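First comes the structure, then the notes that go with it.
The values are calculated or read from the model by the stated rules, or taken from the named source; none is laboratory data. Computed from a predicted structure; not experimentally measured. Cβ coordinates were reconstructed from backbone atoms using ideal geometry, including for glycine residues, and neighbour counts include every protein chain displayed.
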There are 2 protein chains.
Amino acid sequence: MSDLAPLFDHLRNHVPLTEADEALLRERVGIRRYRKGQFVTQHGDVCRHESFVLQGCLQQFFTDADGNDHVVMFATEGWWIADLESFLNGTPARFFRLIIQRAYIASQRRVVENVSMPAKERYQAFAERYPLLIQRLPQYRIASYLGMSREFLSKVRKQLLEDL
Amino acid sequence: MSDLAPLFDHLRNHVPLTEADEALLRERVGIRRYRKGQFVTQHGDVCRHESFVLQGCLQQFFTDADGNDHVVMFATEGWWIADLESFLNGTPARFFRLIIQRAYIASQRRVVENVSMPAKERYQAFAERYPLLIQRLPQYRIASYLGMSREFLSKVRKQLLEDL
DNA sequence: CGCGACGTTGATTTGCCTCAACGATTGTGG
DNA sequence: CCACAATCGTTGAGGCAAATCAACGTCGCG
């Protein structure tokens, strides 16, 4: 038994896992440690891994033409953060279909929320869906994820307090 | 050979397809015809199908609390339009992993574009990526997909013409 | 202590929406 | 075959949500 136990528990919650499957996965999986602020992939690199977070919190982000960062997704313990291109090839497909499927559904929901809800409601919905992330993440990253400026998020939060 | 040929051609482009696979799929697949404006799923229903478009053009949309429609995705010939919940269960997973994977990547790109690009650039990017859709779809649907009002899209287009 | 990271606040600006009115085109029933 | 409605696109006026910019407060930490 290794530190990978949470990963295999997670997988078994989704799909039946034979011994052979597990052995195959162990060959392909390794544990990496990062310190705060460190990049999982270096600037400009192509990501060659699928990451399952055992401990801590990752964010996937991109930098636009103006140099502004935009958070694409967060991942804390028990979550996947995905490049989706390389690692999947050659592994038994059924491990990841459900995971990708859920990620896809979540992504579509986010598209929908971004175009149909004002900033205040987006923040409220995020806070309800991910109460742990609200406590854990700095506000400017949440603002980035929600597609608004940190200043405006600050004003939204103030207004929500006044609503009480 | 049936009218389903384009579907099987499409699948064979992605994954090897045994006779048994094909037989299994034929059991589960049927052809449906719709007329213009008709709904694939009726209002309030849960969609129980994955649709592969043989001919024509579908849109997936939702109606928000204010009664406004928002286009989530389009699908023309050779595209899938997905509920992703029901049909997949019980079918060999590998048929659809790549398809979902690509849809997920496209959805993430869209999230990113929506928060990082102004309306004009979103339209330009859409026009470059889907030149056929630009010709084929009415502008108010494109506007809905891009998350802007039809009026504003009209102004964006005018400005793009003036840019020449 | 002093510096950097983070949050807040106010002033100003702007991207986009809403509303309303008006073409242009197509379809349709008398 | 024409009148009429319906659908779609355009244009302009006005308004609002959210961005930007700038300044300041606060906290943790080397």
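Descriptive notes on the structure:
- When each of B:Leu11, B:Leu58, B:Leu7, B:Leu25 is tested for being closer than 24 Å to B:Arg110 by Cα, outside any loop (DSSP other than H, G, I, E, B) and at pLDDT 75 or above, the lone residue that passes is B:Leu58.
- Members of segment B:28-40 that are closer than 24 Å to B:Gln101 by Cβ and either assigned to a loop (DSSP other than H, G, I, E, B) or of a type in the set (Ser, Thr, Tyr) (or both): B:Val29, B:Val40
- In summary, B:Met148 fulfils each of the numbered conditions (1) within 29 Å of A:Phe74 (Cα to Cα); (2) outside the structural domain of B:Glu50 (by TED's automatic domain parsing); (3) away from DNA strand D (no atom under 12 Å from the Cβ) with the single exception of condition (3).
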